[in-house]
Amino acid sequence: MTKKEMIYEGKGKKMWSVAENSDLLIAEFKDDLTAFDATKKGNESGKGALNNKISTELFGLLEQNGIETALVETISDTEQVVKKCSIVPLEVIVRNIATGSLTKRLGITEGKELPFALVEFCYKDDALHDPIINDEHAIILGAGEQKELDYIKEQARKINAILKPFFASKGLKLVDFKIEFGRDKDGKIILADEISPDSCRFWDAKTGAKMDKDIFRQDIGGGSVKVAYEEVLKRILN
Ligand code: 5GP
C-alpha cells in the first residue's frame, strides 16, 4: 500500500489516501498529545506507535467477538490500513465509573461505580467544544436517524461488555472511553477511529493509579505517559 496524499490531519492521526485502492485509507498515528480543547499540547516520541499497537489488539479482540470495525491491516509501527468511511459526527462515551466531566456536570461522587454502563453522545464540533447532546439533538443535527442512534448505542454497550471483563482480567479498571463510528461505502455503521489510552481511562485495579491520558492532562508524575501506555500494552499482550 502506498500513501498518496494527506486528506486530513486530526489531533492524534493523519489520514492518507491510498494509491492502489480508493476504498481504503492509511491512518498514521502521531506522537502529539492534546487536552482541554487542544489548549494544552505535548509530544512524546513513541506514543503514536503504542496507541497503534494497543488499538490494533483491541479492534482485533472486538472483531473476534462480532463487532465490525474499519481496521483492515496494521502495516507498520505507526500505520494502519482502514476502510474509508464517513465519520458519524458523534463522540460516543461509555462510562462504568464516574469521573471527569460527568462528576463536574452532575456532582456525582468521583469514583462511584455506576449502576449500569452510561452511554452519552457529544457532538463533534471543535468550535462548539463538543457539547453533550441527546438523541433528538443528534437527529436535528443530521448525525443519524433514531434507528442508527439505537444501533450505535447497542454496539457501544456490546463493546463495553467485551472490553470491561477483558481489562479486569489484566488488573485494569475500564473507567470510561470514547469511541467513534463511521458509515462504510454500503452505508453500514462500523466502529472507526481508535481505542487507546488517549481515548480511555484505565485505573490499576490494585493501586488505583491512572494509566491513561489523565497523566498528561493532570501532569501526574511530570506528565509523561509512555511508561503507563507501555504497561497497558504489556498487560493486553500477556
Ligand atoms: P470526559 O467527558 O470525562 O472528559 O471523558 C470521558 C472519556 O472520553 C474519557 O475516557 C476521555 O479520554 C474520552 N474523551 C472525551 N472527549 C475526548 C476527545 O475529544 N478525544 C479523546 N481522545 N478522548 C475523549
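The values are calculated or read from the model by the stated rules, or taken from the named source; none is laboratory data. Being a predicted model, the structure only gives us computed values, none of them experimental. Every residue, glycine as well, gets a Cβ built from its backbone with ideal geometry; the counts of neighbours run over all protein chains shown. For the accessible areas, the whole protein counts, side chains as well, though only heavy atoms, and no ligand, DNA or RNA atoms are used. Shrake-Rupley method; radii C 1.70, N 1.55, O 1.52, S 1.80 Å.
Of the accessible area of the range 86-225, computed with a 1.4 Å probe over protein heavy atoms only, carbon and sulfur atoms account for 55 percent. The listed residues V119, V227, V94, once ranked by accessible area (1.4 Å probe) with the largest placed first, stand as V227, V119, V94.
Within a straight-line Cα-Cα reach of under 18 Å, K112 can be paired with the following lysines, leaving aside sequence neighbours fewer than 8 residues apart in one chain: K104, K164, K173, K206, K210. Restricting the range 1-108 to GluC sites (Glu not before Pro) that sit in a DSSP loop and have at most 12 other Cβ atoms within 10 Å of their own Cβ leaves E20. In Å², and per residue, what accessible area does the chain have when probed at 1.4 Å with the other protein chains present? With the other protein chains kept in place, the chain gives 48 Å² per residue.
Taking label positions 7 Å along the Cα-Cβ direction at both A168 and E44, the computed distance is 2.8 nm, reported to one decimal. In the P(r) worked out for the chain, what percent of Cα pairs fall beyond 27 Å? Counting every Cα pair in the chain, those more than 27 Å apart make up 33 percent. Each residue of the range 86-98 is assigned a 3J(HN,Hα), and the resulting list reads 8, 5, 5, x, 10, 8, 9, 10, 10, 10, 9, 10, 6 Hz, derived from the Karplus form 6.51 cos²θ - 1.76 cosθ + 1.60 (θ = phi - 60°), x at Gly and Pro. Provide the FRET efficiency to the nearest 0.05 for the K234-E113 pair, computing r from the beta carbons and using R0 = 22 Å. Calculated value: 0.25. For V88, the residues whose modelled amide H falls within less than 5 Å of its own, excluding neighbours fewer than 5 places apart on the same chain, are F181, G182, R183. The candidates R201, R157, R95, arranged from most to least accessible area with a 1.4 Å probe in the full protein assembly, appear as R157, R201, R95.
Distances between placed amide hydrogens fall under 5 Å for D176 paired with N96, R201, all partners being 5 or more residues away or on another chain. Using a simple spin-label model with pseudo-atoms 7 Å out from Cα toward Cβ, K206 and E5 lie 5.4 nm apart. Under 5 Å between amide hydrogens, built in the peptide plane, is the criterion, and for G223 it picks out nothing among residues at least 5 positions away or on other chains.
Projecting the Cα atoms of T74, Q64, L90 onto the dipole axis of the range 50-94, where Lys and Arg carry +1 and Asp and Glu carry -1 at the beta carbon, places L90 farthest toward the positive end.
Report, as a whole number in µm² per second, the diffusion coefficient that Stokes-Einstein gives for the range 30-142 at 25 °C and 0.890 mPa s using the Kirkwood radius over alpha carbon pairs. Rounded to a whole number, D works out at 146 µm²/s. The phi-based Karplus calculation (6.51 cos²θ - 1.76 cosθ + 1.60; θ = phi - 60°) puts the 3J(HN,Hα) values of the range 145-157 at 8, 3, 5, 6, 5, 4, 5, 4, 5, 5, 4, 4, 5 Hz, whole numbers, x for Gly and Pro. Ligands, DNA and RNA aside, K30 has an accessible area near 30 Å² when probed at 1.4 Å. Tell me, how many Å apart are the Cα centres for the range 171-238 and for the range 80-121? Answer, in whole Å: 12.
Checking the Cα-Cα distances for K147/K213; K124/K170; K84/K124; K11/K124; K4/K213 against a 23 Å cut-off, the pairs over it are K147/K213; K124/K170; K4/K213.
Rounded to whole numbers, the Karplus 3J(HN,Hα) couplings from phi for the range 221-238 are x, x, x, 7, 9, 4, 4, 5, 5, 5, 5, 4, 4, 4, 5, 4, 7, 7 Hz, using 6.51 cos²θ - 1.76 cosθ + 1.60 with θ = phi - 60°, and x at Gly and Pro.
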